[in-house]
Amino acid sequence: MTDLALGGKAADRERILRHLQSYGVYLGVAVLLLLNIAVTPHFLSAENFRTQAVQVAPVLIVALGMALAIGSEGVDLSVGSVMALSTSLLSLYLGYGTWIALIVAIIGGAAIGLANGSLIAFIGIQPIVATLALMVAGRGLALVLLPQLKDVRDPTMASLGSGDVLGIPYLALIAAALALLVAFVVRRTTFGRQLLAIGDSRPAARLAGLPVRRVLILVYVCSGALAAIAGVLATARLTASDPTSLGNLMELSAITAVVVGGTPLSGGRVRIGGTVAGAVLIQLLTATLIKHDLPPSWTQIAQAIVIILAVYAARERGKR
Amino acid sequence: MKTSGDEPTGPTRSERISALAQQHGALVTLVVAVIAASLSFDTFMTADNLENMAVSSAFLAVVALGMTFVIITGGIDLSVGSLFALGGVLAAWGSQYGTAVALLLPLAVCGLIGLVNGLLIARSRLAPFIVTLAAMLGARGILLSITDEGSKTYLVDKDSFFATLGQGKVLGIGAPVWITLALFVAGAVVLRRSRFGQYVYAVGGNEDAAALMGAPVARTKVTVYTLSGLCAGLAGALNAAWLVSGVTILGSGMELEAISAVVIGGTLLTGGFGFISGSLVGVLLLKVIQNVINQIGSLDSAYQQVVSGAFLALVVIAQTWLGRRRRVL
């Protein structure tokens, strides 16, 4: 069905819906901001904005990798476990120097991504199942390496977690830089274009001679590495490695951020700006509920409703 | 794809072997694992150990039963772990008002969540994994909010009839095992002999073709997700009766166990092909492997997670590989 087939009013309605789906997330962020400024005491303070920015950083970084996976018509359920694995590796290797530990942790995450990508690209297993297997195995591996919570006493890590430049926390700066980098990769590089083509139609991409397997593997390696970076930064902020609970339900938050941000689950398009706004939206929603003393369980229920609403809205566009 | 010649050709020898491996591989592996385990550990073939394994398999098996229907339609249900835990807590709370409430309350709530899953997936055409992922989060949220953020534990009266459902024995075998076996027989009959069962296979095989043939695609999908919710809730309730309390932390990772069991049992994740008995074998195989890991002792639960994740990956690899060799299906 084309727009021509629709009457004037229907076409208008259709256009409004489509805009709402693409840019509704910014509207949502604006509404939540205004609502909080109006009713939440002490919301409008530099200190609060710093806190929010630091808390959103890990979710945002994971969501960037998730956006790539979803753009390729896949999904990565293992991201939370990759965060746990990276925090375990970091603690184990801190004795050899902070930078070595950081690199090992990120390579560990990329390795899980490589395993995910290989299962998906070479063997043809559905992304949900492949990454589900590594979600369980990855958390187990993290716990094998580091069975319980361990304090991280390292000056470099501490300054990474709490330091700032001109009042902007390092964590927020790193997240912003990574968002720009991923946006650049998606829009301006061959890899980005190939990724979108594969997400749009894998058979077509294959017929066009695109290196489908290589691109898919790279997508999951990126997702794994980004999740590991998020795990490392979260560890720096908490000044402790907690493989049992770090990254729990992170895959859900990341998928929500991506979907709310206007990236369709059917692949072929990636909206990084929307993903950033989506992550901010979830963070603000959580902060709003917590600041008004609503129990954490309500946050889970609210997030579940937001996911369904976002996917439902995306469905309108899909039908066209 | 095979091109059809003048005379119909049957499957080739290697295709037949692949088909056999896919259908009975789990059973053969189970027999080998049981023999190996009973030769390696004196403690394996004891009545206590077997009884314990059978009862703890029963709960997972009920969840896997519902999951089998879902997977045969080509879907997936990630909410079963949360629904299992929610069902258990609701049953434990409800048991103070009698056995009927203890059973009906979890069935009503979990069935309703399953129904909502099904409606969103079938009527609104949302992706099954995202809908059931949201349900997993939402159900866990409901569970936490009715237990004061997980701090309150509801107990079941040990002398009530409801507790007997979990702890009682008939002919020396635990009541949950009998209930599970009865459900599996009923499930197999429904899947193999009823019109609804035919629709389940048809929807999973080719949704468009099924719709053209007049199968009620949407209603079939709604029914399988409702069934899956009901099974998860019932399994949770039986588990609460067995433990005589509603434990809030149960069920995480259970969706993976159930999916693994179904897939190990030969049901294809792509839908359209599978059997109920396979899922039972899959559950038993998983539990035997867990039991062996426990017997070794030095391996803790973290290793169990690694092993079960790797095991699922291996089975899916094998299944994909066998499926590729055998295009007849």
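Residues in segment A:237-246 that are open to solvent by 10 Å² or more (accessible area, probe 1.4 Å) and of a type outside the set (D, E, K, R): A:L238, A:T239, A:A240, A:T244, A:S245, A:L246. Confirm whether B:A135 is among the small types (G, A, S), part of a helix (DSSP H, G or I) and open to solvent by 20 Å² or more (accessible area, probe 1.4 Å). No; evaluated as a whole, the condition is false for this residue. Evaluate the following for B:G98: is it on the phi > 0 side of the Ramachandran plot and more than 14 Å from chain A (Cβ to nearest Cβ)? In short, yes. Of the residues in segment B:167-182, not one is surrounded by 14 or more Cβ atoms within 10 Å (Cβ to Cβ), in a helix (DSSP H, G or I) and within 14 Å of another protein chain (Cβ to nearest Cβ). Within segment B:164-175, residues that are over 20 Å from B:A240 (Cβ atoms) sit with their Cβ atoms under 9 Å from residues that are of a type in the set (G, A, S) and open to solvent by 50 Å² or more (accessible area, probe 1.4 Å), at 6+ positions apart or across chains, in these pairs: B:G172/B:A47. Note down all Cβ pairs under 8 Å where the first residue falls in segment A:91-103 and is closer than 11 Å to A:M157 by Cβ, the second is surrounded by 17 or more Cβ atoms within 10 Å (Cβ to Cβ) and aromatic (F, W, Y), and they're at least six residues apart or on different chains. Partner pairs satisfying both residue conditions: A:A101/A:Y93. Being more than 14 Å from chain A (Cβ to nearest Cβ) and in contact with a Cys (Cβ under 6 Å, 6 or more places away or on another chain) holds for only one residue in B:A202, B:A232, and it is B:A232. Tell me whether segment A:128-138 contains one or more residues that are outside any helix (DSSP H, G or I), touching a Ser or Thr at 6+ places or on another chain (Cβ under 7 Å) and within 13 Å of chain B (Cβ to nearest Cβ). No: zero hits. Of all residues in segment B:138-161, those satisfying the criterion of being over 12 Å from B:V89 (Cβ atoms), within 11 Å of chain A (Cβ to nearest Cβ) and either modelled with pLDDT of 80 or more or open to solvent by less than 40 Å² (accessible area, probe 1.4 Å) (or both) are B:G138, B:G141. Of the candidates A:A121, A:A111, the single residue that is touching a Lys or Arg at 6+ places or on another chain (Cβ under 8 Å), in contact (Cβ under 8 Å) with a residue 60 or more places away in the chain and of a type in the set (A, V, I, L, M) is A:A121. Go through segment B:115-132 and report how many residues are open to solvent by less than 40 Å² (accessible area, probe 1.4 Å) and not in a helix (DSSP H, G or I). Count: 3.
When we screen A:I308, A:I290 for residues that are open to solvent by 20 Å² or more (accessible area, probe 1.4 Å), more than 9 Å from chain B (Cβ to nearest Cβ) and either among the small types (G, A, S) or not in a loop (DSSP other than H, G, I, E, B) (or both), the only hit is A:I290. Going by the structure shown, is B:L230 closer than 21 Å to B:L104 by Cα, modelled with pLDDT of 90 or more, open to solvent by 50 Å² or more (accessible area, probe 1.4 Å) and not in a loop (DSSP other than H, G, I, E, B)? So B:L230 passes the test.
If the condition is being outside any helix (DSSP H, G or I) and more than 11 Å from every other protein chain (Cβ to nearest Cβ), then segment A:238-258 contributes A:T239, A:A240, A:S241, A:D242, A:S245, A:L246, A:G247.
Exactly one residue out of A:A234, A:A175, A:A257 is open to solvent by less than 20 Å² (accessible area, probe 1.4 Å), more than 26 Å from A:I128 (Cβ to Cβ) and at pLDDT 90 or above, and it is A:A175. I need the full set of residues from segment A:100-119 which are over 17 Å from A:L85 (Cα atoms) and within 11 Å of chain B (Cβ to nearest Cβ), in order please. Matches in segment A:100-119: A:S118, A:L119. Limited to segment A:268-285, what total is found for residues that are open to solvent by 40 Å² or more (accessible area, probe 1.4 Å), farther than 19 Å from A:N48 by Cα and modelled with pLDDT under 90? Looking only at that region, the number is 1. When B:V247, B:V262, B:V315, B:V307 are checked against the criterion of being open to solvent by 10 Å² or more (accessible area, probe 1.4 Å) and either modelled with pLDDT of 85 or more or away from chain A (no Cβ under 14 Å) (or both), a single residue qualifies: B:V247.
In segment B:75-114, of all residues being in contact with a Phe, Trp or Tyr (Cβ under 7 Å, 6 or more places away or on another chain) and not in a loop (DSSP other than H, G, I, E, B), the one that is most open to solvent (accessible area, probe 1.4 Å) corresponds to B:W93.
Comparison of B:A261, B:A218 shows that the only residue that is among the small types (G, A, S) and either more than 18 Å from B:G204 (Cα to Cα) or part of a loop (DSSP other than H, G, I, E, B) (or both) is B:A261.
The values are calculated or read from the model by the stated rules, or taken from the named source; none is laboratory data. Note that the structure is predicted; figures quoted are calculated from it, not measured. Cβ: placed from backbone, ideal geometry, glycine included. Neighbour counts: every protein chain shown. Areas reflect the complete protein model, heavy atoms only, side chains present, ligands, DNA and RNA absent. Shrake-Rupley method; radii C 1.70, N 1.55, O 1.52, S 1.80 Å.
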